[in-house]
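The values are calculated or read from the model by the stated rules, or taken from the named source; none is laboratory data. Nothing here was measured: the structure is a model prediction, and the numbers come from that model. Heads up, the Cβs are rebuilt from the backbone with ideal geometry, glycines too, and the neighbour counts pull from every protein chain shown. Surface areas here come from the heavy atoms of the whole protein model, side chains and all, with no ligands, DNA or RNA. Shrake-Rupley method; radii C 1.70, N 1.55, O 1.52, S 1.80 Å.
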Amino acid sequence: MKLYTYFRSSAAYRVRIALNLKGLKYDAVPVHLLRGGGEQLQANYVKMNPSGLVPTFQDDFITLTQSMAILEYLEDEYPEVPLMPKDSAGRARVRELAQIVGCDIHPVNNLRVLRYLVNELGLSEEVKTQWYRHWIVGGLDVLEKHLARDPSAGPLCHGYLPTIADCFLVPQVFNAQRNGVDIAAYPNIARINAACVEIPAFVAAHPSNQPDAE
């Protein structure tokens, strides 16, 4: 298995967590998103991943370029350590929580969006940061309300064991904190994140523990 990754990429961070939770060995291939205008935009990488994004996952059978698709593939191929509940309602809930992060929060704060705001629209760094925090705060508000109202939320997003929802939540919290967002206003998110970051698989996946960390 190969994972083309960047240490601070939220999407790559999700996949690293899942691989670690399942105990799967992989080769990490760093792709620097800033160096030389972005290694992810070089022709040889775009040929493999037309989106010009990370992560890209490869094994002997498939190349996948979207984090949710990669996590679902790993779940199907390596079910021994499950990251989804057995019941359909639980699985739907876990997907819902993950997609709040993956569809509503992360895309509008992706590096290519932030670059477009500055380079093409001429917005200042201050305004760019306001943009980032606006969407983070709004998204975390929604996520917090979902976690607060659902009785199936336990010590983690869904009960007592890590799921795909936790794989999405923790990287988003990392990015929020890195950009000055105080998660103390979100007690359920803060509680779940604090529990997750003590789990060895999450520790190993942390950006500071990657071979390309700067």
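Using a cutoff of 8 angstrom between alpha carbon atoms and counting only pairs six or more residues apart, the relative contact order for the chain works out to 26 percent. Annotation: the chain has a Kirkwood hydrodynamic radius of 17.7 angstrom, from the mean reciprocal C-alpha pair distance. Once the gyration tensor of the Cα atoms in segment 42-105 is diagonalised, the equivalent ellipsoid follows with semi-axes of 26, 16, 6 Å, ordered largest first. FRET efficiency for the pair Leu24 and Gln99, taken as 1/(1 + (r/R0)^6) with r the Cβ-Cβ distance and R0 = 30 Å, rounds to 0.80. Are there GluC sites (Glu not before Pro) in segment 81-177 that DSSP puts in a loop and that have at most 12 other Cβ atoms within 10 Å, and which ones? Qualifying residues, ordered by number: Glu120.
Restricting the calculation to alpha carbons of segment 154-212 gives Rg and Dmax of 11.4, 34 angstrom.
Radius of gyration (Cα atoms) of segment 1-97, expressed as a multiple of 2.2 N^0.38 Å: 1.14. Using the Karplus relation 6.51 cos²θ - 1.76 cosθ + 1.60 with θ = phi - 60°, the per-residue 3J(HN,Hα) values for segment 39-48 come to 5, 5, 9, 6, 4, 5, 7, 5, 4, 7 Hz, with x marking Gly and Pro.
Per-residue accessible area (protein heavy atoms, 1.4 Å probe) orders Glu77, Glu39 as Glu77, Glu39, starting from the largest.
Of the residues Gln42, Val81, Val29, the one whose Cα sits farthest towards the positive end of the charge dipole of segment 8-83 is Gln42 (charges of +1 on Lys and Arg Cβ, -1 on Asp and Glu Cβ, taken about the Cα centre). FRET efficiency for the pair Lys145 and Arg115, taken as 1/(1 + (r/R0)^6) with r the Cβ-Cβ distance and R0 = 22 Å, rounds to 0.10. With θ taken as phi - 60° and the Karplus curve 6.51 cos²θ - 1.76 cosθ + 1.60 applied, the whole-hertz 3J(HN,Hα) list for segment 123-130 is 6, 6, 4, 5, 5, 4, 5, 4 Hz, x standing for glycine and proline. Taken about its Cα centre, the chain carries a charge dipole of roughly 200 debye when the Cβ of each Lys and Arg holds +1 and the Cβ of each Asp and Glu holds -1. Over all distinct Cα-Cα pairs of segment 64-139, the Kirkwood formula returns a hydrodynamic radius of 14.6 Å. Residues in segment 175-188 carry Karplus couplings, in order, of 5, 4, 5, 5, 9, x, 8, 7, 8, 4, 6, 10, x, 6 Hz; the curve used is 6.51 cos²θ - 1.76 cosθ + 1.60 with θ = phi - 60°, and Gly or Pro positions show x.
Annotation: amide H of Val29 within the under-5 Å range of Leu3, Tyr4, Thr5, sequence separation 5 or more or interchain, hydrogens built in the peptide plane. A Förster radius of 22 Å, combined with the Cβ-Cβ distance separating Met48 from Glu80, puts the computed FRET efficiency at roughly 0.15. Straight-line cross-link reach from Lys47 at under 12 Å between alpha-carbon atoms covers no aspartates and glutamates, not counting any fewer than eight positions away in the same chain. Under the rule that an exposed site lies in a DSSP loop and has at most 14 other Cβ atoms within 10 Å, name the longest stretch of the chain with no chymotrypsin sites (Phe, Trp or Tyr not before Pro) of that kind, not counting the sites themselves. Counting only loop sites that pass the neighbour cut-off, the longest clear stretch is 62-159. Taking trypsin sites (Lys or Arg not before Pro) across segment 1-50, the ones in a DSSP loop with at most 15 further Cβ atoms lying within 10 angstrom of their Cβ are Lys25.
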